[in-house]
Amino acid sequence: MQSIEDKVIVITGASSGIGASAARKLAQLGAKVVLAARREDQLKALVEEIGGNAMYVVTDVAKRADLGNLIQQAITKFGHIDVMWNNAGIMPISFFEEGHVDEWDKMIDINIKGVLYGINAVLPHMIERGEGHILSTSSVGGLKTSPGIGVYSGTKFAVKAIMETLREEVAQTIKVTTIYPGATKSELGHDITSPKIKGLYGNLTNMPKLDEEAIANAVIYAISQPDNITVNEVVVRPLGQTR
């Protein structure tokens, strides 16, 4: 495997969960990490924990200008970007009949537009350098849907389509990887307001779940491959999860 040391890695959704876990592990391996999220207090604490090879930029991925600013600040600080990981996402799932349209809009803005804005912001830089690696977090919900997750699943299917098309367009020079996590111990789903979902699944704790580190390890595997090898898709489920 190729060394991760000195790679400059930008991570959105980095203030908690799998983004924060991966940032810690990547920094331990010698990477320079640029952490992006909306919650400055958590970003600041994480950078202080990691040390000098980390910086943060307060970023709302639903705002295109914020992604442009994130990439520019990363380049200003570290000179270039090797890896861009579009990891930010939300999951306020509900049934269509409940009509939680505002939540649908938020998922579309963050889960789809956030990925598109991230790609748009970093791609010219990587094309100019003739190298780079773009990752995005989809979900096993982006491979198979089920009742109650229609809009969330739709956004994650969109990530799959976006990333596969990107791969076909830039496969000669830039690596493209889509990560499909199964149920994971994280804040994802904490914003569920649907009474019907809560009635069926409770607070989503009564199911097998991956540790955040499992997804961090998958990302490390993907970005540590030799220059002539690209890992296009990684699906990681906890033992016992069937969907």
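The values are calculated or read from the model by the stated rules, or taken from the named source; none is laboratory data. Note that the structure is predicted; figures quoted are calculated from it, not measured. Note that we place each Cβ from the backbone using ideal geometry, even for glycine, and neighbour counts take in every protein chain shown. When the accessible area is computed, the model is the full protein with side chains, heavy atoms only, and any ligands, DNA or RNA have been set aside. Shrake-Rupley method; radii C 1.70, N 1.55, O 1.52, S 1.80 Å.
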Accessible area per residue, Å², region 8-236 with all protein chains present, probe 1.4 Å: 44 Å²
Carbon/sulfur accessible area of region 8-236, % of total, 1.4 Å probe, equals 51 percent
Could you check the simple spin-label distance between residue 5 and residue 232, using points 7 Å along Cα→Cβ, in nm with one decimal? 3.3 nm
For helix 40-50, what angle does its Cα long axis make with the longest principal axis of the chain, in degrees from 0 to 90 and rounded to 10? 50 degrees
For residue 217 and residue 97, what does the FRET efficiency come to when R0 = 30 Å and r is the distance between their Cβ atoms, rounded to the nearest 0.05? 0.15
Using a 1.4 angstrom probe on the protein heavy atoms only, could you order 230, 242 from most to least accessible area? 242, 230
Residue-normalised 222 nm signal for the chain, counting each DSSP H run of n ≥ 4 as -39,500 (n - 2.57), nearest 500 deg cm²/dmol, is -13000 deg cm²/dmol
Quick one: what are the phi-derived ³J(HN,Hα) couplings along region 136-148, Karplus 6.51/-1.76/1.60 with θ = phi - 60°, whole Hz, x for glycine and proline? 9, 8, 9, 5, 4, x, x, 10, 8, 9, 7, x, x
Greater than 19 Å separation of Cα atoms is the criterion. Which listed pairs, 106/175; 7/44; 25/185; 44/77; 32/77, meet it? 106/175; 7/44
How big is the accessible area of residue 129 in square angstrom, nearest 10, if you roll a 1.4 angstrom probe over the protein chains? 80 Å²
